[in-house]
């Protein structure tokens, strides 16, 4: 096979993250038209640290040329099984692969795998991986009528009962279209992650709320929700059951979303969810501090208008009152204060609200609506303040490292 160190395409290795560092993934490609998407999928896997090898069926090669897969992976494509017994080399006991990813998977290939039929390199890789307890992810793509066929449905349920992960397609234009590369990547990261939050339930609030002035106008703030979304994604990568309460639309299968508009709606939704049992609340939303009585009809423009504002409820106080032992992470945003004053105010909030962790930053310096931020993470039981400057994904990762320590210390299992 090609020496991966010398292939120029691998200069992108690990450029986005190290989430898949030291992981070897076999990408199995079958004869769906969605195979045209896999070149960029491979690149995304590599950008996040993976080493990717491709195996194809002959039907796949009618859609995507092996040179394209060679280019994208940096390795020769496995087009047939030879005396090297490639299926055992990668997916056998003590094989090189950490994961077999079948994307796209046709109804034909799904049926063969479910019934132990090995007549293509892909199905033989699958049988070997399943027999070796190597994780398998299957990403279907086909016409919707095929996906709805009771035999296909039965085969999918059978494979799921064996512990095989399916990333469901989205249905559009009568076609069960392959999941987005972002969704596939996220589930690969979850399958190959450390699983430290497996079995844990984490509730996250995110972004701005909005208070209606009239049927058209709202009172809100500049919070984008990017930090909350990164926290939800990172918690999902680590195996958690995640619920995200916000005004945005993430629409990632596997992450539960509750859509709210106002501060009252967010607080009520969070308290209702917490009553169902959660291990941690991360209150990252910029909940409106003030609300008002909304006017029923649209206010006519062109005249001076006075609004009477009143304070909103405080989510953290109500959550702590209802759940004294819940692990809670809060956020403290200030503007134009010294670092000492910022940290003092954060410490005060940490202790007054009985939080376990608090994230403090001066938003006048940036952070709102950007992909980067600079924050200070303060723990109730940790004397050292963690200073983090970088992407919001990095901040989410390091915050969840700290949360994992708190959960272990609290004996949350």
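Just so it is clear, none of the values below were taken in a lab; they were calculated from the coordinates. Given the structure is predicted, the values throughout are model-derived calculations rather than measurements. Because the Cβ atoms are built from the backbone with ideal geometry, glycine has one as well, and the counts that use them run over all protein chains shown.
Between the range 368-394 and the range 5-41, what is the separation of their alpha carbon centroids in Å? For the range 368-394 versus the range 5-41, the Cα centre distance is 31 Å. Using C-alpha pairs under 8 Å with a sequence gap of at least 6, the mean separation divided by the residue count of the chain gives a relative contact order of 11 percent. Working from Cα pairs under 8 Å separated by at least six residues, relative contact order for the range 168-268 is 28 percent. Highest mobility in the GNM of the chain, judged by mean-square fluctuation with C-alpha springs under 10 Å and restricted to 84, 325, 23, is found for 84. Direction-averaged projected area, Cα convex hull, the range 8-192: 9.6 nm², rounded to one decimal.
How many percent of all Cα-Cα pairs in the range 172-253 sit more than 20 Å apart?
Details: 1572 of 3321 pairs.
The answer is 47 percent, as a whole percent.
Going by neighbour counts of Cβ atoms within 10 Å, the residues 112, 298, 382 line up, fewest first, as 298, 382, 112.
To the nearest ten degrees, helix 339-352 and the longest principal axis of the Cα atoms of the chain are 90 degrees apart.
Rounded to the nearest 500, what is the 222 nm mean residue ellipticity of the chain from helices alone, with -39500 (n - 2.57) per DSSP H run of 4+ residues and division by all residues? List each step's numbers first, then the result.
Details: 13 runs with 136 residues, N = 413.
The helix contribution divided over the chain gives -10000 deg cm²/dmol.
What the Cα convex hull of the range 1-107 gives, in volume per residue, is 100 Å³.
Taking only the C-alpha atoms of the range 96-166, the Rg (one decimal) and the largest Cα-Cα distance, Dmax (whole number), read 11.3, 37 Å. Once divided by 2.2 N^0.38 Å, the Cα radius of gyration of the chain becomes 1.14. Ranking of 170, 236, 71 by neighbouring Cβ atoms within 10 Å, starting from the fewest: 170, 71, 236. Between helix 181-192 and the chain there is an angle of about 80 degrees, using the helix long axis and the longest principal axis of the Cα atoms.
Computed over every Cα-Cα pair of the range 1-62 and binned at 10 Å starting from 0, the pair-distance distribution P(r) comes out as 22, 49, 27, 2 percent. Compared with the dominant principal axis of the Cα atoms in the chain, helix 226-237 is inclined by about 40°.
Please report the relative contact order for the range 208-316, taking Cα pairs under 8 Å with a sequence separation of at least 6, and give it as a percent rounded to a whole number. Could the numbers behind the result be given before it?
Working: 150 pairs, mean separation 36.4, N = 109.
Contact order relative to length: 33 percent.
Counting every alpha-carbon pair across the range 134-210, the share separated by more than 18 Å comes to 56%.
Given 37 °C and 0.692 mPa s, how large is the Stokes-Einstein diffusion coefficient of the range 175-327 in µm²/s, with Rh as the Kirkwood radius over Cα pairs? Let's see the in-between values first.
On the way: Rh = 17.1 Å.
The diffusion coefficient I find is 192 µm²/s.
What percentage of all Cα-Cα pairs in the range 266-406 are separated by more than 26 Å?
On the way: 3315 of 9870 pairs.
Counting every Cα pair in the range 266-406, those more than 26 Å apart make up 34 percent.
Going by how many other Cβ atoms sit within 10 Å of their own, how do 406, 52 line up, fewest first?
Values: 406 19, 52 25.
The order, fewest Cβ neighbours first, is 406, 52.
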